[in-house]
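A short worksheet on the structure shown next.
The values are calculated or read from the model by the stated rules, or taken from the named source; none is laboratory data. Treat the numbers as computed from the prediction; the structure is a model and nothing was measured. Neighbour counts are summed over all protein chains in view; Cβ atoms, including those assigned to glycine, are modelled from backbone coordinates with ideal geometry.
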Amino acid sequence: MDAERWQRLSPLLDALLELDEAARASSLASLREEDPQLADDLEELLALEAVSEDFLAEPLIAPHPGVQAGATIGPYELERMLGEGGMGQVWLARRADGLYQRRVALKLLRPGLADPNLRLRFTRERQILARLEHPHIARLLDAGISSDNQPYLALEFVEGEPITDWCRAREPGVETRVRLFLQVCEAVSHAHTNLIVHRDLKPSNILVTPLDDVRLLDFGIAKLLDTPEQSLDHTRTGLRTFTLHYAAPEQIRGEPVTTMTDVYSMGVVLFEILAGRKPYQLKRPSDAQWEDAILNVDPQRPSQVLQRDTDGGGAAARRRARDIAGDLDNIVLKALSKKPEHRYPSVEALALDLQRWLDGKPVHARPQSMSYRIRKYVRRHRWALSTAAAVSLVLVSALGIVAWQARQAVQESARAQAMQNFVVGLFETAGDVPAGASVDVRQLLDGGERRIDQELAHQPVARAELLGVVARLRAGLGDYDAALALLQRQAALVDALDSVPPSLRLQSTTDLGRVLRLKGDIDGCLARMRPVLALARRSENRLPLPVSAFYSQLGRCQASARRLDEARVLYLRSLALRRDPLKDDPGIVENLADLAALHATAGNTARALSETRAALALLRSSSGERHPQAIDLLRSLCSLERESSDTAAAERDCSQALALAMSLRGMHHHATIDARRQLAAVHVDQGRLAEAEAEFRDTLSWMVVRLGERHVDVARSHNSIGIVAWERGDAEAALRDLETAVDIWREHRSETLLAGGLFNRAMVLHSVGRDDEALPLLQESLALRRKAFGERHGLAGDTLRLIGEVEADLGRDTASSALREAQALTRGHYGAQHSHTRRAEISLARYQALHGDPAALTRLDALAELPQQETELRKAGWLARAYAADVRCRTPSERSLALASLQALAAQVEQAQPEGGALPREIMALREDCVAGRSGERGSDSGPTDSL
């Protein structure tokens with residue numbers, strides 16, 4: 001069937017399928033009088049539908065071959081389809097020409113159709129969107145025609161949900177719903193100001209973003225009022241372009257549309273927002289009955305519909321019905337008037353009446369009787385009138401208020417004086433130190449705590465504030481236990497007070513949440529911070545600084561609990577406050593780094609690297625090269641570069657982070673300790689084992705003193721020391737430290753860290769031939785990683801690779817399938833050139849070569865030529881070369897050549913890694929086997945470890 005014919009048949013078929021048998025026969029008879037062939041075609045399709053419900057499962061028109069995921073339209077690459085309508089398709093796409101990075105909603109004409117009317121509407125939508133520039137309207141970013149003559153529009157991609165779904169999910173109050181709808185009014189008013197009528201306003205075209213902002217979409221059938229054009233609303237056979245349930249009566253009748261047509265559609269949307277239902281409730285809904293209801297039936301009041309639906313419901317539902325009753329009922333019904341002249345004359349008039357309702361003023365949708373106006377006046381000015389009626393009481397109250405304010409002023413003054421005395425007292429104590437002696441900051445803080453308890457016993461608010469100050473200083477020194485004790489005392493004081501400044505409660509909760517997170521108590525952080533979230537939202541306008549800090553800290557706790565979507569919303573809220581009104585560049589950088597970390601957690605390392613580098617560039621341009629935040633950003637870059645196997649870049653950024661930390665924070669600050677640990681992990685990758693072990697043991701001592709022996713970060717150090725011990729050939733010492741790390745992580749239910757510890761312990765057990773003990777650990781690690789990251793994550797591939805090697809040594813047939821899946825997962829996640837992918841390929845090729853596959857030996861030879869510039873790829877190449885020689889050593893005629901290859905390789909590796917390591921040890925073992933003429937598989941002793 002040709003596209004033009006199907007375009008004419010499709011809407012008529014949809015309409016007929018909605019009708020009962022009698023109505024369907026009548027419609028077909030009418031169509032047959034006008035076009036017998038058309039009626040016959042429709043009757044044939046209906047017969048097919050009666051035989052098989054999925055007769056249209058395959059399209060009758062072949063789709064355009066270029067419109068599919070991965071295809072390129074102009075400068076954009078298609079990712080996935082977002083939606084499809086009568087006019088075309090909308091795809092999520094990304095800019096693919098390298099000029100800049102951006103995701104867009106790419107709108108295309110429906111593939112395979114060439115109706116000039118569709119192209120006309122498509123061109124008209126581009127002209128309309130070019131006129132519009134409003135924060136609540138999705139913007140036109142680009143437009144053009146691809147090389148295969150496919151027109152496209154690149155629109156702002158909006159992440160959100162339809163306004164009715166948003167209201168249904170959150171159950172906000174009536175005032176919140178009205179304020180949200182006023183954003184819709186602003187957007188439609190802007191379109192009308194530009195002489196544009198939308199003509200298809202409905203909830204699916206009105207999205208609410210995670211920041212609770214409205215975006216208006218889809219001007220595909222909008223009308224330019226200043227441009228004469230042929231009506232496209234109906235074809236000769238009745239093709240409808242608007243959505244029936246939200247259409248105005250004049251659209252049903254085929255009459256000219258005006259701005260008041262949009263007013264009617266907005267009335268339907270407002271009805272649905274307030275009542276949760278559409279204005280017309282039909283027993284047997286069909287297009288014909290809907291048209292009749294829109295033309296002839298008066299809708300019920302929203303409050304009546306809501307009251308009927310919530311009979312026996314909760315108090316909140318009944319209160320919402322009461323709030324809607326009266327003025328809002330009248331506003332909605334005026335917007336839904338059948339005759340355009342009886343509606344609001346404009347969207348601005350509708351918005352004005354809604355704003356008057358919010359302000360408690362008389363609305364124009366209601367008769368302005370004297371009693372009504374008096375009631376509104378009294379309600380709007382009830383406090384002033386009450387004051388005037390009780391003037392003597394007001395005078396007495398005023399005197400009391402003055403006295404109270406005086407007391408408050410005295411208390412504020414006393415708090416300020418207490419803060420000043422505390423700081424001065426600290427410096428006075430420091431001045432008592434003998435000349436030439438160093439000042440012990442911790443002793444100064446101990447003295448400060450005693451002074452707080454002695455001098456502020458009767459000033460609980462000032463005492464609470466100063467406890468928080470000292471706690472932040474303690475945390476800055478890395479004394480987390482002491483900081484936590486102080487913050488818990490502060491929280492008890494704050495909770496006991498009848499009246500607490502919101503800023504103090506927010507600061508106290510933020511500080512306590514931060515220290516709980518640093519100590520690994522994520523559940524405690526969430527339990528303490530979540531109840532204060534409502535206060536933070538109420539205080540955004542008055543206290544943007546502490547609120548933004550609160551959002552950021554709660555977001556980090558959510559991210560640590562792997563609630564990534566909740567964390568992203570909190571980071572975005574904090575970022576919005578720090579951009580405006582605070583204009584806080586370091587705070588903005590902090591949130592950008594937090595958002596980049598979410599991408600890293602989700603496995604998108606490339607995007608995380610890009611966004612972290614952008615955050616660092618912004619920090620350096622706004623605050624200079626030596627800002628303390630640069631330490632954390634450089635450390636994040638180092639971690640991501642190490643994950644990407646870029647060891648040289650990781651060493652550079654870790655070294656810069658350490659140098660900056662020592663310069664700004666000193667040798668024993670926790671930021672310096674963390675940077676030392678991270679650089680030591682890079683040194684392990686480079687084979688600098690003695691240097692790395694010394695750093696790990698030194699930092700372990702520091703952390704045990706400040707965090708305790710069972711902290712999750714202490715377990716990290718045990719894990720790192722265990723890996724170094726394994727690299728140096730001390731398997732028993734390695735297993736002891738790795739067992740300690742696993743026990744601590746299991747105790748804290750740190751599942752992602754536990755998975756890594758189990759992997760590392762199994763790797764050491766495998767290297768010493770204890771495969772029966774290694775396999776259960778690997779299976780548990782695989783289950784944890786799939787639970788945390790998904791079935792297709794690269795870490796699951798790494799685990800499967802080691803499972804395959806263990807099963808091969810145990811002689812199990814399942815080894816081959818595990819190794820194949822490992823190769824597929826690592827390639828899909830890390831990319832073809834990543835060292836983890838190459839390592840999986842080497843294990844599979846070795847297994848196949850040892851089982852007689854000559855092509856696998858050729859692959860090992862090819863993998864032996866991996867680039868030498870990058871550390872991890874160089875190691876993979878050495879391992880492939882060793883395994884190829886091991887395979888050849890089993891053939892007598894090739895043994896001497898294989899032995900020479902192993903001897904040359906051992907010398908090369910020894911020169912590159914003079915301190916030895918697991919890889920040189922494995923190569924020497926293979927060489928000894930070759931000399932002795934032993935056969936059989938030897939377990940890999942040099943796979944990639946988990947995080948150090």
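When each of Asp813, Asp772 is tested for being of a type outside the set (A, V, I, L, M, F, W, C) and not in a helix (DSSP H, G or I), the lone residue that passes is Asp813. Out of everything in the stretch 863-914 that is in a loop (DSSP other than H, G, I, E, B), free of Cβ contacts under 8 Å to residues at least 60 places away in the same chain and in contact with a Ser or Thr (Cβ under 9 Å, 6 or more places away or on another chain), what residue ends up being nearest to Gly687 (Cα to Cα)? It comes out as Leu866. Set side by side, the residues His851, His829, His793 differ, and just one is out of contact with any helix residue (DSSP H, G or I) (no Cβ under 7 Å at 6 or more places or on another chain) and over 21 Å from Val764 (Cα atoms), which is His851.
Among the residues of the stretch 502-516, is there at least one that is modelled with pLDDT under 90 and either of a type in the set (Val, Ile, Thr) or touching a Phe, Trp or Tyr at 6+ places or on another chain (Cβ under 8 Å) (or both)? No. Take Ala762 and decide whether it is modelled with pLDDT of 95 or more and in contact with a helix residue (DSSP H, G or I) (Cβ under 7 Å, 6 or more places away or on another chain). Taking the combined requirement at face value, the residue satisfies it.
For (1) among the hydrophobic types (A, V, I, L, M, F, W, C); (2) within 22 Å of Thr871 (Cα to Cα), each residue gets a yes or a no:
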| residue | (1), (2) |
| --- | --- |
| Thr699 | no, no |
| Ile721 | yes, yes |
| Ala755 | yes, no |
| Leu784 | yes, no |
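Of all residue pairs spaced 6 or more apart or on separate chains, those with beta-carbon atoms under 9 Å, a first member in the stretch 553-564 that is in contact (Cβ under 8 Å) with a residue 40 or more places away in the chain and a second member that is in a loop (DSSP other than H, G, I, E, B) are Cys557/Arg563; Ser560/Gly520. Condition check: farther than 26 Å from Lys361 by Cα and modelled with pLDDT of 80 or more. Does Asp298 satisfy that? Against the criterion (farther than 26 Å from Lys361 by Cα and modelled with pLDDT of 80 or more), Asp298 qualifies. Counting only residues that are surrounded by 24 or more Cβ atoms within 10 Å (Cβ to Cβ) and more than 15 Å from His836 (Cβ to Cβ), which one in the stretch 792-812 is farthest from the chain's Cα centre (by Cα)? Selected residue: Ala808. Here is the figure for the stretch 673-699: residues that are surrounded by fewer than 21 Cβ atoms within 10 Å (Cβ to Cβ), without any contact (Cβ under 8 Å) to a residue 60 or more places away in the chain and aliphatic (A, V, I, L, M) total 1.
In the condition set (1) on the phi < 0 side of the Ramachandran plot; (2) free of Cβ contacts under 8 Å to residues at least 24 places away in the same chain, Gly360 is compliant with all but (1). Taken over the stretch 730-769, residues that are assigned to a loop (DSSP other than H, G, I, E, B) and among the polar types (S, T, N, Q) amount to 1. Tell me which residues, restricted to the stretch 845-865, are surrounded by 22 or more Cβ atoms within 10 Å (Cβ to Cβ) and within 43 Å of the chain's Cα centre (by Cα). Scanning the stretch 845-865 gives Ala845, Arg846, Tyr847, Leu860, Leu863. Against the definition (surrounded by 22 or more Cβ atoms within 10 Å (Cβ to Cβ) and assigned to a helix (DSSP H, G or I)), how does Ser503 come out, yes or no? Here the answer is no, as Ser503 does not meet what is asked.
Table: residues versus (1) crowded, with 23+ Cβ neighbours inside 10 Å; (2) modelled with pLDDT under 85; (3) assigned to a loop (DSSP other than H, G, I, E, B).
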| residue | (1), (2), (3) |
| --- | --- |
| His192 | no, no, no |
| Leu201 | yes, no, yes |
| Ser204 | no, no, no |
| Asp212 | no, no, yes |
| Phe219 | yes, yes, yes |
| Pro228 | no, yes, yes |
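Of the residues making up the stretch 744-782, those that are free of Cβ contacts under 8 Å to residues at least 12 places away in the same chain and under 21 Å from Ile522 (Cβ atoms) are Arg746, Arg749.
Which of (1) touching a Leu at 6+ places or on another chain (Cβ under 8 Å); (2) part of a helix (DSSP H, G or I) does Arg792 not meet, given it meets every other one? Of everything listed in (1) touching a Leu at 6+ places or on another chain (Cβ under 8 Å); (2) part of a helix (DSSP H, G or I), Arg792 misses just condition (2).
Of the residues making up the stretch 724-746, those that are crowded, with 24+ Cβ neighbours inside 10 Å and under 20 Å from Gly687 (Cα atoms) number 6.
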